[in-house]
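The values are calculated or read from the model by the stated rules, or taken from the named source; none is laboratory data. This is a predicted model, so every value here is computed, not measured. Cβ coordinates were reconstructed from backbone atoms using ideal geometry, including for glycine residues, and neighbour counts include every protein chain displayed. Each accessible area value is taken on the protein alone, full model and side chains, heavy atoms only, with ligands, DNA and RNA left out. Shrake-Rupley method; radii C 1.70, N 1.55, O 1.52, S 1.80 Å.
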Amino acid sequence: MIPDGHYTAVVDRIEDALATLEVSGDDDRYSLVVDEETLPDAARHADAVLQITLVNDELAAVEYDPDETERRAETAQRRFDRLADRPPDGDDPPDES
């Protein structure tokens, strides 16, 4: 059971009309499964960031955060790009393209 309160949640996946949210508390992480229909239309995709309020393990309020969703996507893309641009280490064969 997730304690009542306000949380940041990220849509992990949506399958069979059920959305799995990864919910972040102060020091804890929780998983919450809700009907996809309870999410705002714009938030019905993986990696959407939400601000939620839970009462008795139920969504009492949910708000999509498009700015935070975009910021996290850009951060992840930059991290991926940096990893993709790393020079090969000494054990890798040279690229012969």
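Per q in 0.24, 0.27, 0.28 1/Å, what log10 I(q)/I(0) does a Debye calculation on the alpha-carbon atoms of the range 1-58 return?
These q points yield log10 I(q)/I(0) values of -0.95, -1.18, -1.25.
So what's the chain giving for Rg/Rh, alpha carbon basis, Kirkwood Rh from the mean inverse pair distance?
Reported Rg/Rh, Kirkwood definition of Rh: 1.18.
Efficiency by 1/(1 + (r/R0)^6): what FRET value for Glu22 and Arg78, r their Cβ-Cβ distance, R0 = 22 Å, to the nearest 0.05?
After rounding, the FRET efficiency stands at 0.55.
Grab the other residues whose beta carbon is less than 11 angstrom from that of Tyr64, score K and R as +1, D and E as -1, and report the net.
Its environment carries a net charge of -4.
Mind checking which of Leu54, Thr8, Ser31 is farthest towards the positive end of the range 5-61's charge dipole, using Cβ charges of +1 (Lys, Arg) and -1 (Asp, Glu) about the Cα centre?
After comparing all options, I get Thr8.
Highest GNM mean-square fluctuation, the chain, Cα pairs closer than 10 Å: which of Asp47, Asp85, Asp35?
Asp85
Which residue, Asp12, Asp81, Asp65, tops the fluctuation ranking in a GNM of the chain built on C-alpha contacts under 10 Å?
Asp81
Tell me the per residue accessible area of the chain using a 1.4 Å probe; a whole number in Å² is fine.
73 Å²
How much FRET efficiency would the formula 1/(1 + (r/R0)^6) give for Asp47 and His6, where r is the Cβ-Cβ distance and R0 is 30 Å, rounded to 0.05?
Rounded to the nearest 0.05, the efficiency is 0.90.
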